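These notes are about the structure you will find just below.
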Amino acid sequence: MEHKTKVNAEEGKQEILITREFDLPLELLFRAHAEPELIEQWMGTKVLKMDSKKHGSWDFEKTDEKGNILFKATGVFHEFIPNRKITRTFEMENAPIGVQLEITEFEKLTDETSKVNIHTIYESVAQRDQVVKFGMEKGINMAHDRMQEVLNKLK
Amino acid sequence: MNLRRDVFQAIADPTRRAILLLVAAQSMTAGAIASNFETARPTVSKHLQILIECELLNQEQNGREIYYHFNAKKMKEIDEFIEPFRKMWDERFNKLESLMKKYKK
């Protein structure tokens, strides 16, 4: 089966390509990336700051119920072209993965469908692989958390 | 030093990737592999050692010669390695899609 979201991480390269087609008009796909209230809902992070213009900065944070910071990422926009392109830097706090460059391009397919391409460039191959692993560990942690919730209910 | 080797670390090196390509086509002895490279024989041996440690290559004794085989199963693990990362993005984008459908006219 063809996956809706495709990830291409070639061996020995310091980049990742993510592509996805949506049953959404281009304008709505872009809005989901441009409006803080919408980003918060699908990314699950709080948007503390988002100055959507050239050299504007952004600041996202994710906390647990107790208010502990689980994840904090910041960076600067270099391009913010509505319905076309967002170029920004991305740095995760307290994670040894350096600064990454993210080039996100939006594309109209039909009046009702659109596509996003995210090209991320890392400082090194090792750091890219670290991010992929981190994603995996996060997935496992999330599964564990869910399991814990279920177990707690059984208590 | 005998650190546990990381598969990604193993394939990050261009010589090791070239070795894998060679051996994937046909099982070979260390000498035959080394003859494809300008690199000194001990360097090739070191690369082979790393590839064996991370199980991308298997050794098999055939008479007096040791043949190196490509372990396709291990290579598949690399694909599976990326899968949780892909799923994470897929789930995010599924949320985005259902969220934004509410805004459709």
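Results, tabulated for the structure shown:
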quantity: Looking only at segment B:92-104, and only at residues there that are among the charged types (D, E, K, R) and within 9 Å of chain A (Cβ to nearest Cβ), the one that is surrounded by the fewest Cβ atoms within 10 Å (Cβ to Cβ); calculated: B:K104
quantity: Which numbered condition B:I33 misses (of (1) surrounded by fewer than 18 Cβ atoms within 10 Å (Cβ to Cβ); (2) more than 10 Å from chain A (Cβ to nearest Cβ); (3) not in a loop (DSSP other than H, G, I, E, B); (4) not aromatic (F, W, Y)); calculated: (1)
quantity: All positions within segment A:97-116 that are touching a residue at least 12 places away in the same chain (Cβ under 8 Å), farther than 15 Å from B:E97 by Cα and among the polar types (S, T, N, Q); calculated: A:Q100, A:T104
quantity: Boolean, B:S27 is polar (S, T, N, Q) and either facing another protein chain (nearest Cβ under 10 Å) or in contact (Cβ under 8 Å) with a residue 40 or more places away in the chain (or both); calculated: yes
quantity: Residue, nearest to the other protein chains (Cβ to nearest Cβ), within segment A:57-86, restricted to residues that are within 25 Å of A:E21 (Cα to Cα) and in a loop (DSSP other than H, G, I, E, B); calculated: A:N83
quantity: Residue within segment B:31-41 that is in contact (Cβ under 8 Å) with a residue 24 or more places away in the chain and closer than 21 Å to A:V125 by Cβ present; calculated: yes
quantity: Pairs with Cβ under 6 Å, 6+ apart, first in segment A:27-56 and more than 10 Å from every other protein chain (Cβ to nearest Cβ), second among the hydrophobic types (A, V, I, L, M, F, W, C) and assigned to a helix (DSSP H, G or I); calculated: A:V47/A:I39
quantity: Single unsatisfied condition, B:E80 versus (1) touching a strand residue (DSSP E or B) at 6+ places or on another chain (Cβ under 7 Å); (2) more than 8 Å from chain A (Cβ to nearest Cβ); calculated: (1)
quantity: Unmet criterion (only one of (1) in contact (Cβ under 8 Å) with a residue 12 or more places away in the chain; (2) within 28 Å of A:D129 (Cβ to Cβ); (3) more than 10 Å from every other protein chain (Cβ to nearest Cβ)) for A:I18; calculated: (3)
quantity: Matching residues, segment A:25-54, being out of contact with any strand residue (DSSP E or B) (no Cβ under 6 Å at 6 or more places or on another chain) and in a loop (DSSP other than H, G, I, E, B); calculated: A:P25, A:E35, A:G44, A:K54
quantity: Check on A:I103, within 12 Å of another protein chain (Cβ to nearest Cβ) and either at pLDDT 95 or above or at positive phi (or both); calculated: no
quantity: Subset of segment B:35-55 (residues that are under 19 Å from the mean Cα position of the chain (by Cα) and at pLDDT 90 or above); calculated: B:T43, B:V44, B:S45, B:K46, B:H47, B:L48, B:Q49, B:I50, B:L51, B:I52
quantity: Residues located in segment A:88-136, provided they are in contact with a helix residue (DSSP H, G or I) (Cβ under 6 Å, 6 or more places away or on another chain), within 21 Å of A:A32 (Cα to Cα) and surrounded by fewer than 18 Cβ atoms within 10 Å (Cβ to Cβ); calculated: A:K108
quantity: Residue ID - farthest from the chain's Cα centre (by Cα), chosen from residues in segment B:63-78 that are of a type outside the set (D, E, K, R) and exposed (fewer than 12 other Cβ atoms within 10 Å of the Cβ); calculated: B:G63
quantity: Exclusive hit being touching a strand residue (DSSP E or B) at 6+ places or on another chain (Cβ under 7 Å), assigned to a helix (DSSP H, G or I) and more than 14 Å from every other protein chain (Cβ to nearest Cβ), set B:I52, B:I66; calculated: B:I52
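The values are calculated or read from the model by the stated rules, or taken from the named source; none is laboratory data. The shown structure was predicted, so the numbers you read here are calculated from the model rather than taken from an experiment. We place every Cβ from the backbone using ideal geometry, glycine too, and count neighbours over all the protein chains shown.
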